[in-house]
Amino acid sequence: MPRLDQLLARNTGWSRRELARAFRRQAVRECDGTPIDNPARSMHELPTTVWLGEHRVELYHRVDVLLHKPVGVVTARRDDRHPHAFELVRHHPLAAELRAIGRLDLDCSGLLLWTNEGSHVHAMTHPRRAVPRRYHVALAGPWRTDIPHVRIDDHDVDTTCIRALSQPHVGLRVPPHCEQLAAITLTSGRFHEVKRIFASLGTQVIGLCRVQHGAWSLPDDLAPGESQRINLDRPSD
Ligand code: URA
């Protein structure tokens, strides 16, 4: 169980010395105003609220976020040339601890999960876990259907994971010269994987949107750039 003083430091950015002083002054109080004198108290029920001086502080331990990454934004915490996705989630609690789960290319939009729990990053991205990612794709032309497998790095991709698509997700940008729409489901996250698969099948990806990652789908009503708090431990909530 996390300790109160550690949670206060993570959620406020106050130093341990500043917090020790606040506890001594009885400036850390329950919601009802009762001073809390044990900085090491274990916190069971989270999130919860305490007073720190005149400020009500909401204390979080675990934070997960689902972002609709727009085209033109890099999956990074900072970048010198382009807007970066971290800007779009930095208003969430414990933002300094958030890490993206996997990455999407600059020209790809869609579902990008963030978490402050390292084991989730591993569980949802490690190739051995084979967590499905589904993409909606706009193509410059039809793909070859006579090739059963394509080789991406050291790995054979079975092309039955591709389906023709009639109704793309609203998050997919479909350029006017698009000739074909497809859905593809992959269980690995190799560099430019979708683009390389369709290139091997004789066509070019001109629009790409991730619509699913594991149990999580991109909500239709979540506009590009918007995000929402989720609980990765409870996909059905
Ligand atoms: N495949 C790609 O080519 N790009 C992405 O961003 C994700 C999967």
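For residue 185, indicate whether it is among the hydroxyl-bearing types (Ser, Thr, Tyr) and part of a strand (DSSP E or B). Yes.
Scanning the stretch 175-191 for residues that are open to solvent by 90 Å² or more (accessible area, probe 1.4 Å) and either among the small types (Gly, Ala, Ser) or over 19 Å from the mean Cα position of the chain (by Cα) (or both) yields 176, 177, 179. With respect to the conditions (1) touching a strand residue (DSSP E or B) at 6+ places or on another chain (Cβ under 9 Å); (2) surrounded by fewer than 15 Cβ atoms within 10 Å (Cβ to Cβ), residue 129 falls short on a single one, namely (1). Of the residues screened, residue 199 is not one that is open to solvent by less than 70 Å² (accessible area, probe 1.4 Å), in contact (Cβ under 8 Å) with a residue 24 or more places away in the chain and within 16 Å of the ligand (Cβ to nearest atom). Return the residue satisfying two criteria in turn: it lies in the stretch 160-196 and is among the small types (Gly, Ala, Ser) and away from the ligand (no atom under 12 Å from the Cβ), and of such residues it is farthest from residue 142 (Cα to Cα). Checking each candidate, the answer is 171.
Screening the candidates 93, 142 for the property of being in a loop (DSSP other than H, G, I, E, B), assigned by TED's automatic domain parsing to the domain that holds residue 189 and either open to solvent by 10 Å² or more (accessible area, probe 1.4 Å) or more than 13 Å from the ligand (Cβ to nearest atom) (or both) yields one hit, 142. Of 172, 208, all but one fail to be surrounded by 14 or more Cβ atoms within 10 Å (Cβ to Cβ), at pLDDT 95 or above and not in a loop (DSSP other than H, G, I, E, B); the exception is 208.
The values are calculated or read from the model by the stated rules, or taken from the named source; none is laboratory data. Note that the coordinates shown come from a computational prediction; the quantities given were computed from them, not determined experimentally. Glycine gets a Cβ as well: all are built from the backbone with ideal geometry, and neighbour counts include every protein chain shown. Calculation scope for accessible area: heavy atoms of the full protein, side chains included, ligands and nucleic acids excluded. Shrake-Rupley method; radii C 1.70, N 1.55, O 1.52, S 1.80 Å.
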